[in-house]
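Right, one structure below, let's go through it.
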Amino acid sequence: MSRVAVVGGGVAGAGVATALDGEREVVVFEREGEPGGRTATRRRAGHVYDVGANYHKGGSELLDSLDEGDLIDVEEPVWTFEGDGEIKPGDDRDDHKWTFEDGITILPRRLLERASATVRTGTEVTGLERTGEGEWDVLAGGGRTGPYDAVVLTPPGPASASILEHTSVDSGTDFDPAALAADLESFAYRSIDSFALAYSFPLDRPYYAAVNTDRAHAVGWLAREGEKRGHVPDGRSLLIVQMAPDWSVEHRETPDGRAAELAAGHAAALLDDDRLADPKWAERVSWRHALPDDEGIDANAGEAAGLYVASDATHGEGRIHASLEGGLEIGDRL
Ligand SMILES: Cc1cc2nc3c(=O)[nH]c(=O)nc-3n(C[C@H](O)[C@H](O)[C@H](O)COP(=O)(O)OP(=O)(O)OC[C@H]3O[C@@H](n4cnc5c(N)ncnc54)[C@H](O)[C@@H]3O)c2cc1C
């Protein structure tokens, strides 16, 4: 069976592996210690919380097939607010808000397990080399591994670009990795600072989350993680507060503790509850390339040479379902 190397163990990489299950041997290279990417779930003191994507809105047979009795559909609605901070009933966005008792990261992880892909975590890909036989070697973890018949890049545009900047090709192809790298490098993303703020008291509201609709507030999104079954112990609460892109860029150098204080202050003002300014504990995750802020680009230039791109730089949508479909589609093409 021929072999395919997939760079990135997020939803897109899991989609590629799913489509190739039984057809090709798939090796997934993931830089971090665990797969998941921006579907990122953390655990602390009995709490489970999603610090990247909050939920998947697209129901499908594939999603249903992953249910082991732990699939959750968050029932409370998403309300909205503008620059004045007044939270109002929303526009009924996202009828379904799917996640799992152990967090949204279960989605790509279960897909990867079911697809029997080999996942090499803690292994950063730094470059690629196309050999004279038309096969690919992957430069990863300080060594070289291969050969692979094809390579799929799934990281955000600039991260995929940095791999292509260290890619060499043989004379049998006219594919120019440097040109594709330049397109991917210039693809724009919004940054988001995401805070988990934990409290030792419950917090009731008629909504699960509130989203800023006019981009005129320091907070972009605020969610009550306790609305997800199994995420927050009884009698406690945990807020996920995602700061607006401008705030996130402005506070890039602000130390974590001070940034969390500021975020908690914004949460207290927004929810009109002074107790929220002083969380029991807080955690910050800064996503530099959080959501695409550009039209998707054509990244097919390498396909004749066996180099595919299934990044959100190609579909231009910062959504789980878009990355999953993008990965499945590239897998089908392969
Ligand atoms: C704060 C935040 C909130 C969001 N909220 C939602 C939401 O509620 N609903 C929704 O649908 N979407 C949401 N999204 C968007 C959603 O998370 C993404 O669209 C989706 O997870 C992207 O998946 P991906 O596989 O394309 O990319 P990624 O998840 O970024 O996966 C790429 C993987 O590649 C790895 N990688 C990078 N470079 C290398 C390298 N050199 N070598 C090896 N591995 C490498 C990374 O570690 C990562 O695991 C949110 C995103 C963020 C950041």
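The values are calculated or read from the model by the stated rules, or taken from the named source; none is laboratory data. Small disclaimer: the values here were computed from a predicted structure and weren't measured. So basically every Cβ, Gly included, is an ideal-geometry build from the backbone, and we count neighbours across all protein chains shown.
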> Which one of Gly15, Gly58 is touching a residue at least 12 places away in the same chain (Cβ under 8 Å), assigned to a loop (DSSP other than H, G, I, E, B) and either away from the ligand (no atom under 13 Å from the Cβ) or under 28 Å from Arg288 (Cα atoms) (or both)?
Replying inline: Gly58
> Where in the range 217-308 are there strands (runs of 3 or more DSSP E), lying wholly inside it, with at least 1 residues that are at pLDDT below 95, within 25 Å of the chain's Cα centre (by Cα) and of a type in the set (S, T, N, Q)?
Replying inline: none
>> Taking the criterion of being under 22 Å from Val285 (Cβ atoms), away from the ligand (no atom under 13 Å from the Cβ), buried (at least 17 other Cβ atoms within 10 Å of the Cβ) and not β-branched (Val, Ile, Thr), would at least one residue in the range 45-53 satisfy it?
In response: yes
>> I'm trying to understand the selection: among the residues of the range 299-328, which are away from the ligand (no atom under 12 Å from the Cβ) and either buried (at least 19 other Cβ atoms within 10 Å of the Cβ) or free of Cβ contacts under 8 Å to residues at least 60 places away in the same chain (or both)?
In response: Ala299, Asn300, Gly302, Glu303, Ala305, Gly306, Leu307, Tyr308
> So which residues in the range 136-184 are in a loop (DSSP other than H, G, I, E, B) and touching a residue at least 40 places away in the same chain (Cβ under 8 Å), if there are any at all?
Replying inline: Asp149, Thr154, Pro155, Pro156, His166, Val169, Asp170, Gly172, Thr173, Phe175, Asp176
> Inside the range 137-166, can you point out the residues that are among the hydroxyl-bearing types (Ser, Thr, Tyr) and more than 9 Å from the ligand (Cβ to nearest atom)?
Replying inline: Thr145, Tyr148
